[in-house]
Amino acid sequence: MKSKPQQAKVIFVKLIALEVSGDWDSRLDEACFGDDELRDRVNALLQAHTRPGSFLDQPAVGTASSFAKLDQPHTAEIGTQIGPYKLIEQIGEGGMGVVYLASQREPV
């Protein structure tokens, strides 16, 4: 059985092949068999299809104030547990991140 995103894609492609977009609503009801989640997914694809370029209306990641945080390195406290690892000490830092010595508390 196909996943919802795969089903939505198949239905979307069939609907946009129709020459008259006014038929989409009635055909969408038939194609989704009362599955509201699937209908919402296909409807979102149809809306995006009818408004090309609209993805630029909203920033993908936040505002300028959130970008200011990118210049500051993220550091974790020594002793912090991250998954199966406990941070022992910071052993380096550079333009791409911070490197820690850690001990593994549980086997992988």
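Summary table
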| quantity | calculated |
| --- | --- |
| Sequence-distant aspartates and glutamates (8 or more away, or on other chains) whose Cα lies within less than 20 Å of LYS86 | GLU77, GLU106 |
| Residues whose placed amide H lies under 5 Å from that of TYR85, excluding near-sequence neighbours | ARG105 |
| Chain lengthening between GLU93 and ASP57 when straightened (0.36 nm per residue, less Cα-Cα) | 9.3 nm |
| Note, ³J(HN,Hα) from phi for the stretch 76-82, Karplus 6.51, -1.76, 1.60, rounded to Hz, x at Gly and Pro | 10, 6, 4, x, 5, 9, 10 |
| Long-range amide H partners of ALA102 with built H, under 5 Å | ILE88 |
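Since every read-out is calculated from the coordinates, none of them should be taken as a lab result. All values reported here derive from a predicted model rather than from experimental measurement.
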